[in-house]
Amino acid sequence: MSRNANNRAQFRPEGHDADHFLLTTVVGSYPKPKWLNRANDLVDDEDSTFDDNNLTEAHDDAARLITEEHEHAGLDTVVDGEMRREEMVEYFAHRVPGYEFNGPVKVWGHNYFNKPSVVSEVEYDDPWLVDEFNFTTDVSNRPVKVPITGPYTLARWSFNEAYDTEEDLAYDLAELVNEEVSRLVDAGAKYIQIDEPALATTPDDYAIVGESLERIVDGISADVRIGLHVCYGDYSRIYPEINDFPIDEFDLELCNDGYEQIEVFTDPSFEPDLALGVVDAHDATVETVAEIKQNIKYGLEIVPPERLTISPDCGLKLLPREMAREKMANMVQATREIEAELDAGKIEVPAVEDAPVASQVDSA
């Protein structure tokens, strides 16, 4: 079942003077500066003197820049924008003994994915993200969230040449993720997000994801916030089953379809905290503050304010960077205005069990 841990208040900024507090965050990925893409190309150029040490410095500079950009936008919790990661499975597969790469696989059109193969039993070796977390913590004045690709997606989006079933592989990977989360917690991490985009395409495997999460959170303190992000899909095929997942927060991508599925989560009651996407990660149009405020109100139909987190729909890496920055700034401003209106009694929040389906809460 949902962990229902009381671990949200620790992310409230010091001096936040509103009675209500809606936690603001990002999902993870963010557009890379163009010069970082050039640096990634240069290190692979045999005629270039640009080496791995130069690339490390470039990654550090980019991570510092994006972390500060998130802070400048006013986010309560920040991520470094995954500046060191090119792809969410490949990054981790390079760090897990048992994986190997045999060349890119065509996905669609002219797009290729460097899909790894699991050729032997997976093992935990060196930490995957602890150095990244420590660096971001050192340069940030805000709490740092750590996104980790989940074991189901790591298994599903790989060639399995070593295990009898993908399920067996996912469970072994979950044990490795548990070890990594433990290392991160020892380093001071308080907010972990497990990304399982593969569940959106194979929702009938929700039980595998649930069991994987049980293994991930085993031994992890209730003070550590555990979120789950699942990309857009037919959520009716995994709800209400996700109420049984051992998580504190479930992150939904609903903005891009105009919240057509919002009613899915009204019956039965939504048990974990809700992280609601309120800006579209796939549209470069910057939503106005007024539009985002209306989107936030959809979340108040599902959970009360003290259980609502505000975020983009998904990672923003495919957007122009300026558009991503403006979306974040407007998102934070809209959130703070909603808090003020809640404090002033200008927004009437219905009891969740009586909330109207697919209708927005009126405000004065």
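The values are calculated or read from the model by the stated rules, or taken from the named source; none is laboratory data. From a predicted model like this one, the values you see are computed outputs, not experimental measurements. Note that each Cβ is placed from the backbone with ideal geometry, even for glycine, and that neighbours are counted across all protein chains shown. What goes into the accessible areas is simple: the full protein's heavy atoms, side chains included, and nothing from ligands, DNA or RNA. Shrake-Rupley method; radii C 1.70, N 1.55, O 1.52, S 1.80 Å.
Things to note:
- Annotation note: of VAL105, VAL89, VAL78, the sole residue that is without any contact (Cβ under 8 Å) to a residue 12 or more places away in the chain and hydrophobic (A, V, I, L, M, F, W, C) is VAL105.
- For segment 311-323, filtering for residues that are touching an Asp or Glu at 6+ places or on another chain (Cβ under 9 Å) and buried (at least 21 other Cβ atoms within 10 Å of the Cβ) leaves 6.
- Of all the criteria given as (1) part of a loop (DSSP other than H, G, I, E, B); (2) open to solvent by 10 Å² or more (accessible area, probe 1.4 Å), the one not satisfied by TRP35 is (1).
- Among the residues listed as TYR152, TYR112, the single one being at pLDDT below 95 and more than 20 Å from VAL224 (Cβ to Cβ): TYR112
- Test result for GLU87, farther than 13 Å from THR25 by Cβ, open to solvent by 30 Å² or more (accessible area, probe 1.4 Å) and either in a helix (DSSP H, G or I) or of a type in the set (Ser, Thr, Tyr) (or both): no
- Test set (1) touching an Asp or Glu at 6+ places or on another chain (Cβ under 8 Å); (2) at pLDDT below 90; (3) not acidic (Asp, Glu) - ASN6 fails condition number: (1)
- ILE220 being touching an Asp or Glu at 6+ places or on another chain (Cβ under 6 Å) and farther than 26 Å from ASP280 by Cα: no
- Among the residues of segment 5-19, those that are touching a residue at least 60 places away in the same chain (Cβ under 8 Å) and not in a loop (DSSP other than H, G, I, E, B) comprise GLN10, PHE11.
- Residues of segment 256-294 that turn out to be in contact with a helix residue (DSSP H, G or I) (Cβ under 6 Å, 6 or more places away or on another chain), open to solvent by less than 20 Å² (accessible area, probe 1.4 Å) and more than 20 Å from ILE226 (Cβ to Cβ), as a count: 5
- Restricting attention to segment 145-171 and to residues that are acidic (Asp, Glu) and either in contact with a helix residue (DSSP H, G or I) (Cβ under 6 Å, 6 or more places away or on another chain) or in contact (Cβ under 8 Å) with a residue 12 or more places away in the chain (or both), the residue that is surrounded by the fewest Cβ atoms within 10 Å (Cβ to Cβ) turns out to be GLU161.
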